[in-house]
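Colleague: Take a look at this one; I'll ask things after.
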Amino acid sequence: MKTAILAGVALLALSACGQEASAPAAKAEPAATEPETAPSAPVSVKEAQRAAVDLAPYIGKYPFDVVAGHRFLDNPAVKAAIAAAVPDAKQRAAVQFDDNGLGLPIVKVDGGRILAWGGAKRAEDRYNWAVVIAPDGSKPEVCIYDGLGYDEDFQSSQWFEPGKASIMKQGKCPSADEDYPAAEIAAG
């Protein structure tokens with residue numbers, strides 16, 4: 001009843017102004033010269049999580065294998081998680097998989113998360129990275145190892161998480177379940 005009264009009042013108000021009530025305007029079609037654009041990819045972890053995300057099918061695959069149309073690092077949920085964890089674009093650029101890179105099969109680690117590892121071809125002991133992430137795209141940790149000039153006894157990697165300052169941990173980035181989590185650096 002209230003709805004009918006409100007609708008009547010709205011029509012009276014419009015007709016009093018000399019305007020007619022009309023149906024909502026139809027969506028304008030793009031002109032022939034305007035390029036049609038695809039919807040943009042999620043830009044944050046929260047936006048990526050709104051869509052049903054399941055990264056579990058990547059387990060057992062290599063980071064460069066295509067699953068549901070995306071390589072692991074190209075998956076919008078993974079890209080958003082890495083961007084949230086590593087805000088500096090220059091540092092984030094180290095987490096890449098090019099055609100000459102090395103990778104190991106993605107594995108499940110403690111806590112139900114998954115770990116993807118990659119390294120520079122013929123320099124994987126000097127440059128490597130790891131992404132640890134929940135199958136739903138949440139709880140990312142990103143490891144970047146740049147071993148330039150480090151002696152075997154002093155290897156450390158830089159770890160990133162969203163909203164936290166990066167920290168250094170012992171060794172290279174983990175590449176297998178038994179290597180995760182990385183050990184804290186002990187002073188002394």
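Colleague: Once you list every other residue whose beta carbon is under 13 Å from the beta carbon of Ala123, what net charge do they have if Lys and Arg are +1 and Asp and Glu are -1?
Modeller: Net of charged neighbours comes to 0.
Colleague: On average, how much area does the Cα convex hull of segment 45-176 cover when viewed from any direction, in nm²?
Modeller: Average projection, Cα convex hull of segment 45-176: 7.8 nm².
Colleague: Let me ask another. Residue separation times 0.36 nm, minus the C-alpha to C-alpha distance between Lys90 and Ser166: what's the value?
Modeller: Here the answer is 25.9 nm.
Colleague: Using packing as a proxy for protection, rank 127-133, 73-79 so that the peptide with the highest average count of other Cβ atoms within 10 Å comes first.
Modeller: Ranking the peptides 127-133, 73-79 by packing returns 127-133, 73-79.
Each reported figure results from applying straightforward, stated rules to the coordinates on display, with no laboratory input. Given the structure is predicted, the values throughout are model-derived calculations rather than measurements. Positions of Cβ are backbone-derived with ideal geometry, glycine not excepted, and every protein chain shown enters the neighbour counts.
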